[in-house]
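One structure is given below, encoded as structure tokens.
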Ligand SMILES: C[S@@+](CC[C@H](N)C(=O)[O-])C[C@H]1O[C@@H](n2cnc3c(N)ncnc32)[C@H](O)[C@@H]1O
């Protein structure tokens, strides 16, 4: 090829590649939920499988689901979180059919009792008024951010029928402990059955918004609160992480990650906006209304720290009773190796 033609051809290829990379970045940036900058992972080859039985077919759906959820959460489709989703049959946790999928505008019923319908990134009704099995990729992002390690102690508030408690339990392994709290008696009964084979889980049929709570490395709340409760913050070991939905009276709030440092001020940041059912005993109407105003009028991306028991300063994003969120980073951070 003559040099000039070759140079033109090479330049066209480069700009095609640039356009493609720009397109992918653009497309990824419009995904509804994300954690910071999007890294586009190479597409993992799915082993091509044929199935002879129904059980094998469902296994293939679960395999696809695990890869989908892990990839949406920005973690490896071959990692431990994906493995936990792969080995946990969702149909066992959502109760008997007919299965109802929750959308922003109402429920859609699955047309038949085929677990394949459950292996999508959807919220599924738990069979109890207003209570649902949460969106898998949302929980996967939260759990990935909390980075539970083998042997960790976790407190899970709002266990429901135990689906995400099971995921957490698999990540901490049998050397770890998961203390799971649930207040709805019907769900507690189902959780007790579903969690019976996991010796590392202790199920408590009571509120997880009340003392005493055991000291823990990770405290994960699956219901919306209007404040970071003192009982949750006090349970955190040094370097411990609390993740909970800080939600207003009405509309969406945000998943707030709080990391205990060795100072008085904790690291804090919102991961993304979220809407959850209320956490009983962790809601205050006045604080809920103030949160509504804050989420409407202030930039939640700016929150960087949590103060307790001191007067709010100029950097205050919102102040509650005995706590306030600041847009200033905490003054002293002990290096814990944990993303705070
Ligand atoms: C949105 S549901 C999520 C259930 C479960 N995490 C799932 O996704 O399958 C929230 C759960 O929190 C429970 N809950 C609310 N307040 C609670 C509290 N103070 N202590 C323990 N559980 C609570 C509710 O009964 C409900 O089961």
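The table below lists the values:
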item: Which numbered condition residue 126 fails, given (1) in contact with a strand residue (DSSP E or B) (Cβ under 9 Å, 6 or more places away or on another chain); (2) more than 8 Å from the ligand (Cβ to nearest atom); (3) not in a loop (DSSP other than H, G, I, E, B); result: (2)
item: Residue match in the range 245-255 (condition: at positive phi, part of a strand (DSSP E or B), in contact with a strand residue (DSSP E or B) (Cβ under 9 Å, 6 or more places away or on another chain) and more than 15 Å from the ligand (Cβ to nearest atom)); result: no
item: Residue match in the range 76-96 (condition: at pLDDT 95 or above, in contact with a strand residue (DSSP E or B) (Cβ under 9 Å, 6 or more places away or on another chain), buried (at least 20 other Cβ atoms within 10 Å of the Cβ) and over 22 Å from residue 255 (Cβ atoms)); result: yes
item: Candidate set from the range 235-244 (those that are more than 25 Å from residue 136 (Cα to Cα) and away from the ligand (no atom under 16 Å from the Cβ)); member that is surrounded by the fewest Cβ atoms within 10 Å (Cβ to Cβ); result: 238
item: Any hit, the range 131-146, residues being surrounded by fewer than 20 Cβ atoms within 10 Å (Cβ to Cβ), assigned to a strand (DSSP E or B) and either within 11 Å of the ligand (Cβ to nearest atom) or over 18 Å from the mean Cα position of the chain (by Cα) (or both); result: yes
item: Total residues in the range 156-196, condition in a strand (DSSP E or B), more than 10 Å from the ligand (Cβ to nearest atom) and in contact with a helix residue (DSSP H, G or I) (Cβ under 6 Å, 6 or more places away or on another chain); result: 1
item: Residues (part of a loop (DSSP other than H, G, I, E, B) and within 12 Å of the ligand (Cβ to nearest atom)) located in the range 212-222; result: 213, 222
item: Residue selected from the range 262-304 under the condition assigned to a loop (DSSP other than H, G, I, E, B), within 22 Å of the chain's Cα centre (by Cα) and away from the ligand (no atom under 16 Å from the Cβ), by the criterion nearest to residue 147 (Cα to Cα); result: 304
item: Residues of the range 100-120 classified as part of a loop (DSSP other than H, G, I, E, B) and within 13 Å of the ligand (Cβ to nearest atom), total; result: 0
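The values are calculated or read from the model by the stated rules, or taken from the named source; none is laboratory data. These numbers come from a predicted model, not from an experiment. Quick reminder, even Gly has a Cβ in these numbers, built from the backbone with ideal geometry, and neighbours come from all protein chains shown.
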